[in-house]
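Below is one structure, written out as structure tokens; comments come after it.
The values are calculated or read from the model by the stated rules, or taken from the named source; none is laboratory data. Every value quoted in this text rests on a predicted model; they were computed, and no experiment measured them. Note that we place each Cβ from the backbone using ideal geometry, even for glycine, and neighbour counts take in every protein chain shown. Heads up: the accessible areas ignore ligands, DNA and RNA and are worked out on the full protein's heavy atoms, side chains in. Shrake-Rupley method; radii C 1.70, N 1.55, O 1.52, S 1.80 Å.
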Amino acid sequence: MDREELAANRGTAMRRPGWTLLASGAMTHGGFELFQEVRPALGGPPAHIHRERDEAFFVLEGRYVFVRDQEEVELLPGEFIFVPRGTRHTFRTLVEPSRTLIIVAPAGLESFFNQMGVRLEAGATALEAMTELSATHDSHPVD
């Protein structure tokens, strides 16, 4: 990509409110994706795993509780957590708003996050949407 294409793709709003794509898989040649998520209200996703991707979170604002396998960790701004592929994880915000950077490596979840937004807008719960999308995307709900 040339400089003009990079500028055009920087900070792309997604179909999911509060989500911005900062670096796409196309921009990184499939190496990773970088997202910013702003959560205006308390909450988080259902517990899930990614079988083919690592995920990492860097807290910019607010407070989060992350569960990685059985470990529970509270993170504040400036703190980071890495979730290796195949690891059960979830998180929830403790204050509103909260904001985090999310790295997915290798790239491949942009479409999943967009399609989650479409289903959530249509009234599905996060668990319902994730369950439906797990057949075609690397995000699988677990107990």
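Rounded to the nearest percent, how much of the accessible area of the chain (1.4 Å probe, protein heavy atoms only) is carbon and sulfur? Write out the running numbers ahead of the final one.
Numbers: 3900 of 7350 Å².
Taking all protein chains in place, the chain shows 53 percent carbon and sulfur surface.
Where does the charge balance sit around residue 33 when Lys and Arg score +1, Asp and Glu -1, over other residues with C-beta under 11 Å from its C-beta?
On the way: positive: 53; negative: 55, 110.
Local net charge: -1.
Go ahead and estimate [θ] at 222 nm for the chain from helices alone: -39,500 (n - 2.57) per DSSP H run with n ≥ 4, summed, over the residue count, rounded to 500.
-5500 deg cm²/dmol
Residues of the chain: accessible area per residue at 1.4 Å, in Å²?
Per residue, the chain has an accessible area of 51 Å².
Just in segment 25-56: which GluC sites (Glu not before Pro) are loop by DSSP and have at most 14 other Cβ atoms within 10 Å? Walk me through the numbers before you get to the answer.
On the way: sites: 33, 37, 52, 55; in loops: 52.
Hits after loop and neighbour filter: 52.
Run through segment 16-96 and list the trypsin sites (Lys or Arg not before Pro) located in a DSSP loop whose Cβ has at most 12 other Cβ atoms within 10 Å.
Details: sites: 51, 53, 63, 68, 85, 88, 92; in loops: 51, 53, 63, 85, 88.
In loop regions of segment 16-96 (DSSP not H, G, I, E or B), the sparsely surrounded trypsin sites (Lys or Arg not before Pro) are 51.
GluC sites (Glu not before Pro), restricted to segment 73-143: which are DSSP loop and have at most 15 other Cβ atoms within 10 Å?
Passing sites in segment 73-143 are 79.
Using a Gaussian network model on the chain with a 10 Å cutoff between Cα atoms, which of 101, 42, 21 fluctuates the most?
It is 42.
Connecting C-alpha atoms closer than 10 Å in a GNM of the chain, tell me which of 82, 66, 58 has the biggest fluctuation.
Result: 82 has the largest fluctuation of those listed.
Modelling each spin label as a point 7 Å along the Cα-to-Cβ direction, I'd like the residue 114/residue 143 distance in nm, to one decimal.
3.5
If you average the alpha carbon positions of segment 82-143 and of segment 27-65, how far apart do those two centres end up, in angstrom?
So the separation of the two Cα centres works out to 8 Å.
Could you check the simple spin-label distance between residue 135 and residue 28, using points 7 Å along Cα→Cβ, in nm with one decimal?
So the two model labels end up 2.9 nm from each other.
Counting Lys and Arg as +1 and Asp and Glu as -1, what is the net charge of the other residues whose Cβ lies under 9 Å from the Cβ of residue 66? List each step's numbers first, then the result.
Numbers: positive: 68, 92; negative: 71, 72, 74.
Value of the local net charge: -1.
Assuming R0 = 25 Å, what is the FRET efficiency of residue 125 and residue 67, from their Cβ-Cβ distance, to the nearest 0.05?
Working from the Cβ atoms, E equals 0.85.
Considering the Cα trace of the chain, what is its radius of gyration and what is Dmax, both in angstroms?
Here Rg and the maximum Cα pair distance are 14.6, 45 Å.
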